[in-house]
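Comments concern the structure below.
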Amino acid sequence: MVAHVLRLRLDLIGGAFRGSTRRMVWLALAGLAAIAAVAAAGWALLTLRDAPTDVAQTVIVLAGTALTLGFAVASLAAGAEDPLDPRRFAPLGLPERPLTVALTLAAFLSVPVVLLAAASVFFVITWAGHGVSPLLGILAALLGLATCVLLAKICESLTTLALRERRSRELVGLFVVAMIVVVVPVGVFLASLEWHGRVPSQLEEAVNVLGFTPFGAAWAVPGHVAAQSAGVWGSLAVALVTVAALWFGWQALVHRLLTTTERPGSGRSRSGLGWFAVAPGRPVGAIAARSLIYWMRDGRYLVNILVIPVAAMIVMVPLLVAGVPLSVAALVPVPLMALFFGWLPHNDLAYDSTAIWMHITSGTSGIADRVGRLVPVTLIAVPVLAITAPIAIAVYDRWALLPAMYGVIGCLFLTGLGLSSLLSALAPYPAARPGDGPFQQPQSTVTRGVLVQGGVLLGALVLSAPALWWAWLAIERNIAFAQTALWGGLGIGVVVLVLGVIGGGIAFRRRSFAIMEFAESM
């Protein structure tokens, strides 16, 4: 059975290289890129042979942990179905244990695993240069490979069970956004560290912890041996237990997949319901899905989104001209973006005037309407702010202020959303109609628009004043105020957001007829 499954895997790999000329060209380019990546990784590992043991241990454990997590995340996010899904073998009535062994061995015959195996050769050579036995290095590499493969297979099976009918490019996009939010700030932080031939203190504790986790234990074993640390037994035990636990978990999932009925397919999502297939089947989910479609296709929304980072960067120009140092001026754009992102939905009812009748006639609760409309701007603002805040702190070159920055931008953004949720239901004002140019504005003699816009901006600034003051104290007096700014700012923002959503929901229901009249008058 094992030979037949392995032959099937090889046939599938060979079939990937048969096709049109264009496909062959892309595969050739991808192969060259993969070879270049392995060569670069091998060169980087070989350079660590002459580095201090703690430096080599830090780099290898961090890279190994990231690769292991990458196998799991990629399996969760990938939209393609596994051609060797255990369910495909269910009609054959094969014994479970031999089938599990065959599928596991076949999983090692994949491009990512082969590339990681090639890099593992350099991993063994590098630690051999530090006096580690090659046999121990090979054992550690095999444990790391087995962890990656089994973790990937388990994640693929879990998504098959839980997300099969909801796999879509929208869901994949959410996974990618989540990865960007985590990876980019961490990358900026690591790039800002100055090593000078020694391990930065910020990483030393992180590596000590990662070396005893299921994701980094296998990769940490040779480093402990090279440093003659007693931690080798702990890391080795964690690595062995991890592989054993993953193996039994994979066996249980194969049994579940072989003994359960496959869910009926829903077709390709890109020709189906799109965001509606991803969002929960509740009023909040339906409103969020429809709002996401509008925000991604309507020029009125797109222009507002694009203008915000540009306007925030332009603010730096007069500051630099006035002689403000770049490191200080770099702290200004990110809070401004947070303020404007929170301000964006302040008149969303007017932008959505052609569809508001659906919410009112269907009896949708006001809170569901308020929450659903905040989803698009949140999905856009959170990645942007999470990425730009570490960059600004890196320019300022004082990482202890990062909590204060997150507290300030969190407070500005959340208070803006809360006030926008309230005022958009209390006082909507005329805006450009669907299909009009993004810069076209209807003529109106009512000053309500100016008052609402200014009220949201000024209100968010006033409510965020404590967080701004704590951040200033962290810069000028005591860095301990950074934690106060973080938790105090987020606390204020959450309270204002909750109150704004509740108040806006009540206003939406009580003023439903007035809102309908406003929508009809536009």
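Need the full-extension length gain, Leu240 to Val324, defined as separation in residues times 0.36 nm minus the C-alpha distance. One decimal, nm.
24.7 nm
Apply the Karplus curve 6.51 cos²θ - 1.76 cosθ + 1.60, θ = phi - 60°, to the phi angles in segment 489-502 and return the couplings in whole Hz, x for Gly and Pro.
x, 5, x, 4, x, 5, 4, 5, 4, 4, 5, x, 5, 5
Could you pull out which residues in segment 466-507 have an amide N less than 15 Å from a spot 7 Å beyond the Cα of Val395, following the Cα-Cβ vector?
Output list for this probe position: empty.
From the phi angles alone, apply the Karplus equation (6.51, -1.76, 1.60; θ = phi - 60°) to segment 415-424 and give each ³J(HN,Hα) in whole Hz, x where the residue is Gly or Pro.
5, x, 5, x, 5, 5, 4, 6, 6, 5
Please list, in order along segment 125-131, the HN-Hα scalar couplings obtained from phi with the Karplus expression 6.51 cos²θ - 1.76 cosθ + 1.60 (θ = phi - 60°), rounded to whole Hz, x for Gly and Pro.
4, 4, 6, 4, x, 9, x
Quick one: length gained pulling Ala480 to Leu92 fully straight, 0.36 nm per residue minus the C-alpha distance?
133.2 nm
Would you mind classifying segment 296-345 by shape? Square roots of the alpha carbon gyration tensor eigenvalues, ordered a ≥ b ≥ c; an a/c under 1.5 is rounded, otherwise it is prolate if a/b is larger than b/c and oblate if not.
prolate
Give the calculated FRET efficiency between Leu499 and Val462 to the nearest 0.05, with a Förster radius of 22 Å applied to their Cβ-Cβ distance.
The pair Leu499/Val462 has a calculated efficiency of 0.90.
Computed from the coordinates by the stated procedures, all read-outs in this text should not be read as laboratory data. Just so you know, these numbers come straight off a predicted model, no measurement behind them. Glycine gets a Cβ as well: all are built from the backbone with ideal geometry, and neighbour counts include every protein chain shown.
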